[in-house]
Amino acid sequence: MLGHAVGDALGVPVEFCTREELEKAPVTDMRGFGTYPVPAGAWSDDTSMSLAALDALGKKEWCFFDVMERFVAWLERDRYTPTGRVFDVGGTCRAAIMDFIRDTYIAELGKFAVPPGDYRVEFCGRRDERSNGNGSLMRIHPFVLYADVKNMPFEAWCKLIESASSLTHAHERSRVGCLIYAFVLKALLKGEGKAGVERALLCAKTRLCDYPELSHYERVLSPDFAKTPKELIKSGGYVVDTLEAALWCLLTTDTYRACVLKAVNLGEDTDTVAAVAGGLAGALYGYEAIPAEWLDTLLRREYIERFCRRAAKVWG
């Protein structure tokens, strides 16, 4: 979780900067007041939505309705933010959350229009092909952690990850991207290292072969993916590009620091690529590998750690 948040915070000040701009003035440390008027160490919606999910998952009993309610609390009431104010939100995530509000609440009465137990929150997510940004990939790791600790059977594991993606991004391409990520993170949590990443990608290719949208991930699932030239790695907000960029950075570096800085300096959607890469690098290298000065700069670090400790206690 902290690996994810630190990567996010490193990328926030230079979000939307081009690769060429960052080649001339690369990010080497925490900085602030760039793209957004926030200080060094501020994280974005990537970490806020992950915390909202972890908050729900950290209860003894939870459902996806609880997760969506916490997304509402983030978007509408600025919860789970580093500065007390939402300053970044993706269009598809916003649309799904607003649909949830519209479909479930009678605003003037403050009551549910549909009983929580009867509402299929997966219907909130956009299902059109154009809604395949990285907004579910960037916040899927708490669900993977939960499934891993609970040792869920494969079919239930897949259903959980797909449903979690579908809260905002319900198109099969986004769901498959989250599943591939989940295979990789699960291998890292087992301590299998980089060799485990390659085996996880091969396993994903085999186990997910019935998904037509898997074809869009052909390059990242190829045996020689790590040898892909930098100029072919895209780092925009498209889910396929984000997953490729994050995994490429993980596989072509040897430390947490090198991985997240490489991710940030690819440019474009810097916070999300670095957050996804940073979460994986955190799992690979461990807490001690995250530079202490970056952890010390991270805003509301204790707040993040509190959610982690509670979830760990509840999950056993």
Say whether the condition of being in contact with a helix residue (DSSP H, G or I) (Cβ under 9 Å, 6 or more places away or on another chain), among the β-branched types (Val, Ile, Thr) and assigned to a loop (DSSP other than H, G, I, E, B) is met by at least one residue in the stretch 218-226.
yes
Name the helices (runs of 4 or more DSSP H) wholly within the stretch 238-316 that hold at least 2 residues that are among the acidic types (Asp, Glu) and crowded, with 17+ Cβ neighbours inside 10 Å?
239-251
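Would you check if there is a residue in the stretch 129-140 being open to solvent by 30 Å² or more (accessible area, probe 1.4 Å), part of a loop (DSSP other than H, G, I, E, B) and not β-branched (Val, Ile, Thr)? Before the answer, list the steps.
Residues of the stretch 129-140 open to solvent by 30 Å² or more (accessible area, probe 1.4 Å): 129-130.
Next, only the ones that are part of a loop (DSSP other than H, G, I, E, B) stay: 129-130.
This time we only want the ones that are not β-branched (Val, Ile, Thr), so: 129-130.
Looking for residues that are open to solvent by 30 Å² or more (accessible area, probe 1.4 Å), part of a loop (DSSP other than H, G, I, E, B) and not β-branched (Val, Ile, Thr), one finds at least one in the stretch 129-140, hence yes.
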For the stretch 148-194, name all the residues that are in a loop (DSSP other than H, G, I, E, B), surrounded by 21 or more Cβ atoms within 10 Å (Cβ to Cβ) and either touching an Asp or Glu at 6+ places or on another chain (Cβ under 7 Å) or aliphatic (A, V, I, L, M) (or both).
167, 170, 171
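Here's the yes/no breakdown for (1) open to solvent by less than 10 Å² (accessible area, probe 1.4 Å); (2) over 16 Å from residue 140 (Cβ atoms):
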site: 30; (1), (2): no, yes
site: 43; (1), (2): yes, yes
site: 51; (1), (2): yes, no
site: 57; (1), (2): yes, no
site: 75; (1), (2): no, yes
site: 79; (1), (2): no, yes
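For residues that are closer than 15 Å to residue 100 by Cα and surrounded by fewer than 23 Cβ atoms within 10 Å (Cβ to Cβ), scanning just the stretch 59-71, find the one that is modelled with the highest pLDDT. Before you say what the answer is, go through the steps one by one.
Within the stretch 59-71, the subset closer than 15 Å to residue 100 by Cα is 63-71.
Those still in the list that are surrounded by fewer than 23 Cβ atoms within 10 Å (Cβ to Cβ) too: 63-66, 69-70.
On the way: 63: 89, 64: 91, 65: 89, 66: 91, 69: 92, 70: 96.
For the stretch 59-71, the residue satisfying everything is 70.
Taking the stated definitions as given, is residue 43 modelled with pLDDT of 95 or more and either part of a loop (DSSP other than H, G, I, E, B) or in contact with a strand residue (DSSP E or B) (Cβ under 7 Å, 6 or more places away or on another chain) (or both)?
Working: modelled with pLDDT of 95 or more: yes; either part of a loop (DSSP other than H, G, I, E, B) or in contact with a strand residue (DSSP E or B) (Cβ under 7 Å, 6 or more places away or on another chain) (or both): yes.
Considered against the rule, which asks whether it is modelled with pLDDT of 95 or more and either part of a loop (DSSP other than H, G, I, E, B) or in contact with a strand residue (DSSP E or B) (Cβ under 7 Å, 6 or more places away or on another chain) (or both), residue 43 comes out as yes.
The values are calculated or read from the model by the stated rules, or taken from the named source; none is laboratory data. Bear in mind the structure is a predicted one, so any value in this text is a computation, not a measurement. Here the Cβ is made from the backbone with ideal geometry for all residues, glycine too, and neighbour counts use every protein chain on show. Note: areas computed on protein heavy atoms with side chains; ligands, DNA, RNA excluded. Shrake-Rupley method; radii C 1.70, N 1.55, O 1.52, S 1.80 Å.
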